[in-house]
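Laboratory data are not the source of any read-out in this text; all were calculated from the coordinates shown. What you see is a predicted model; the values in this text were computed from it and never measured. Cβ: placed from backbone, ideal geometry, glycine included. Neighbour counts: every protein chain shown.
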Amino acid sequence: MARRSTKTPPPDDFEERILDIDVVDEMQGSFLEYAYSVIYSRALPDARDGMKPVHRRIVYQMNEMGLRRDRGYVKCARVVGEVMGKLHPHGDASIYDALVRMAQPFSMRLPLVDGHGNFGSLGNDDPPAAMRYTECRMADATSLMTESIDENTVDFAPNYDGQEQEPVALPAAFPNLLVNGASGIAVGMATNMPPHNLGEVVAAARHLIKHPGADLETLMRFVPGPDLPTGGRIVGLGGVRDAYATGRGTFKIRATVTVENVTPRRKGLVVTELPFSVGPEKVISKIKDLVGAKKLQGIADVKDLTDREHGLRLVIEIKNGFVPEAVLEQLYKLTPMEESFGINNVALVDGQPLTLGLKELLEVYLDHRFTVVRRRSEFRRGRKRDRLHLVEGLLVALVDIDEVIRIIRDSENSAEARERLIERFSLSDIQTQYILDTPLRRLTRFDRIELESERDRLNAEIEELTRILDSDAELRKLVSSELAAVAKKYGTDRRTVLLESSGAAAAVPLQVEDTACRVLLSSTGLLARTADDKPLADAPKRVKHDLIVSAVAATARGEVGAVTSAGRLLRLQVIDLPQLPGTDTAPSLSGGAPVAEFLTLEADERLVCLTTLDESSPGLALGTAQGVVKRVVPDYPSHKEELEVIALKEGDRVVGAAELRTGEEDLVFITDEAHLLRFPASVVRPQGRPAGGMAGVKLGEGSRVVSFTAVDPAVDAVVFTVAGSRGTLDDSVQTTAKVTPFDQYPRKGRATGGVRCQRFLKGEDCLSFAWAGPAPARAAQRNGTPAELPDPDPRRDGSGVSLPKPVAAAAGPVG
């Protein structure tokens with residue numbers, strides 16, 4: 001049987017048209033359309049909210065679905081279906097891949113999706129589960145991206161079929177593009193931006209708000225480099241500076257590795273942080289291939305001990321007879337334990353792909369934020385004016401409520417009542433209709449008081465919003481304060497250590513020039529070295545981690561000693577320490593690294609001071625909590641990594657130590673009973689390292705030493721003390737403090753009680769903190785934030801004054 005044709009015949013008036021088009025022109029036109037679509041609608045993020053269209057649609061649709069943090073999880077397939085059906089014209093795979101990335105804490109510095117289930121692993125060694133198995137909801141910070149989106153803060157555009165509306169950019173209450181980074185490949189261009197620390201980026205943005213003409217070097221004091229979710233170490237900051245200046249640059253990311261005794265007879269390399277986007281399986285596979293090909297020697301075994309409780313832990317056992325540091329150098333060169341990251345800051349600005357530096361990225365974001373806050377303020381003012389208009393109408397009606405009721409009762413219908421009320425009380429149509437819709441029970445004396453209160457409040461709020469809209473300075477101030485609140489709530493400490501050197505690791509120090517430098521220790525326990533031995537500059541405005549409690553001259557390939565509270569002296573390789581940008585900036589150790597990165601200390605042990613290992617120096621002076629003083633003969637055998645510099649009695653510890661420079665310094669004890677003892681260092685006979693010292697200060701029963709320092713009597717110095725209460729000796733309950741010139745305290749004999757240095761007020765019975773040293777004194781809180789000190793008080797035994805902020809550390813200037 002013949003098959004019937006299903007083609008519809010053309011109408012009678014149909015005229016066939018054939019266009020003769022050159023295939024080259026057709027290919028060019030079609031390719032350009034495709035390229036534009038990929039650039040603008042898929043691959044590149046918008047510089048305002050830092051999102052590609054797919055990410056923006058996911059966040060917006062989750063907000064529309066009400067999937068906030070206080071709600072339950074829903075299946076990811078439901079979110080993907082809503083996004084694909086309403087907003088995204090592409091397949092479900094691309095939507096789910098984007099959603100998964102936003103939920104991965106190792107991919108995003110501030111994740112935007114709270115995932116429940118298997119969302120993959122570092123390096124994609126373990127792919128995520130299918131979207132029918134995983135669940136999600138908005139993360140805490142995601143609400144900041146859509147905050148006030150319903151207040152006419154951003155423009156909306158039709159979706160792919162014109163049936164829905166979607167935002168062209170989100171309000172973005174934090175700089176998402178810099179904080180979370182982005183990557184994408186378009187046609188003829190690509191973007192690759194690393195994540196940064198939220199607190200640092202916000203600090204730079206706020207500085208730019210206050211100082212629009214700030215240069216790049218100033219901004220880099222706040223944002224010294226990327227802060228990757230997986231930590232690690234960035235080696236070589238030259239490429240970072242290039243990227244921040246031009247939008248393009250390259251730097252190396254190195255794994256964080258420590259040398260440990262992994263077995264009783266064997267050492268190993270323990271990897272706790274890997275380069276960004278590198279997983280342990282990739283490293284293990286590469287090591288095994290190199291060992292099998294005999295290109296890598298000295299490795300006995302590789303174990304992946306990673307778990308949820310302890311995080312990443314990759315143990316590489318080293319064969320006996322091989323130097324772990326030398327093997328580590330080969331691993332950096334031959335395996336993904338050191339990777340290059342190429343920064344290419346390409347983003348859309350007003351619909352155009354541009355390559356942007358750090359300042360330009362911040363400026364584009366801030367301009368967007370200014371627009372959002374301005375539109376939000378205009379929207380809120382309009383709403384409040386509308387409400388005020390209704391309230392004023394009600395108040396007019398309440399003045400003569402009997403007449404209002406009579407007019408309504410005598411009218412034939414609501415239209416007549418509305419016209420008569422408008423004519424009688426000069427009301428608008430909106431006010432009149434609102435009066436007619438208001439129940440009589442609300443028109444009472446009590447409601448009149450409420451309405452008058454509401455009117456006054458609305459007038460005040462409208463005035464405040466008008467002040468913001470009429471003043472660019474007030475608008476900028478509001479944006480700055482909102483950014484500060486975001487950083488305070490969601491900011492976290494830096495995870496990535498920045499190392500200035502771009503050469504080899506510390507195991508090959510000969511490749512680094514042995515130049516003079518200084519090793520610095522901050523009050524927060526950060527270590528770093530300077531690029532030279534020039535005096536450190538003192539900035540007019542202090543920043544976090546700028547309080548240097550110990551500084552010692554050294555060379556880049558040399559060693560310094562680290563004295564601990566347990567009476568130990570540990571050798572510290574200077575080349576291992578991160579290098580600060582230069583001495584022409586404030587001596588901030590924000591780019592430093594914690595002591596735990598270089599030294600192994602006990603749980604109750606802390607680093608007291610740094611010292612040179614020069615045996616020609618006058619040596620160390622130490623003071624303990626039980627009032628013992630000791631001068632140590634400078635004898636430091638080079639073959640010992642750990643030395644005992646004082647034999648402590650049971651329960652005693654070192655509270656202070658200082659390297660003597662001339663031997664003519666005064667040693668100063670301050671006890672918790674507010675007694676200060678000052679005596680020359682020359683009266684203390686130097687002793688060998690195993691000795692236990694001699695009596696330094698006489699203590700009362702139950703008393704202890706809170707501070708021990710060495711002060712040069714030839715320089716201006718001060719004494720800073722803080723009073724507290726026994727049993728609550730922490731910086732959160734400090735009451736009063738006092739700063740007194742050092743020359744007010746006379747010298748006394750060693751092993752005496754000294755003189756009183758502060759009079760206690762009611763509720764005070766001890767000193768919780770004390771320090772004596774060169775002026776001017778500088779102080780910091782426990783987290784390294786600068787703290788203000790009271791004005792000097794010439795009375796050595798006077799009482800203190802209240803502190804604006806608690807103080808946990810103090811130090812003098814670093815020359």
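Below are the figures for this structure:
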quantity	calculated
Considering only the chain, percent of DSSP beta bridges that pair antiparallel, nearest 5	95
Where GluC sites (Glu not before Pro) fall in DSSP loop in the range 614-723, at most 14 other Cβ within 10 Å	615, 641, 650, 664, 701
Mean Cα-pair separation over length for the range 256-336, i.e. relative contact order, pairs under 8 Å, 6 or more apart, %	35
Mean-position separation - Cα centroids, the range 116-131 and the range 295-373, in angstrom	20
The chain, dipole about Cα centre (Lys/Arg Cβ +1, Asp/Glu Cβ -1), debye to the nearest 20	2520
Restricting the range 316-355 to chymotrypsin sites (Phe, Trp or Tyr not before Pro) in coil, as DSSP defines it, with at most 16 other Cβ within 10 Å	322
Distant-in-sequence amide H partners of residue 545 (H built 1.01 Å from N, under 5 Å)	785
Other-chain or far-sequence residues with amide H under 5 Å of residue 717's (modelled H)	742, 743, 775
Pairwise centroid distance, computed over Cα atoms, of the range 251-275 with the range 422-481, Å	65
Overall Cα dimensions of the range 51-171 - principal axes, largest extent first, Å	41, 27, 25
Of 294/319; 288/319; 384/488; 544/630; 267/640, those spanning more than 23 Å from alpha-carbon to alpha-carbon	384/488; 544/630
Per-residue ³J(HN,Hα) for the range 626-639, Karplus 6.51 cos²θ - 1.76 cosθ + 1.60, θ = phi - 60°, Hz, x for Gly and Pro	8, x, 8, 10, 8, 9, 9, 5, x, 10, 10, x, 5, 7
For the range 53-68, 3J(HN,Hα) per residue [Karplus equation, 6.51 cos²θ - 1.76 cosθ + 1.60, θ = phi - 60°, Hz, x = Gly/Pro]	x, 5, 5, 4, 5, 5, 4, 5, 5, 5, 5, 5, 7, x, 8, 8
Candidates per GluC sites (Glu not before Pro) in the range 252-357, loop by DSSP, up to 10 other Cβ within 10 Å	309
Note, ³J(HN,Hα) from phi for the range 244-251, Karplus 6.51, -1.76, 1.60, rounded to Hz, x at Gly and Pro	5, 8, 10, x, 9, x, 9, 9
Set of lysines with alpha-carbon distance to residue 210 below 17 Å, sequence-local pairs under 8 removed	359, 477, 541
Amide H within-cut-off set for residue 707, under 5 Å, with H built and near neighbours excluded	670
Proximal lysines to residue 86, defined as alpha-carbon separation beneath 21 angstrom and excluding residues fewer than eight positions away on the same chain	52, 75
Global form of the range 657-728, assessed from the alpha-carbon gyration tensor, a/c cut-off 1.5	oblate
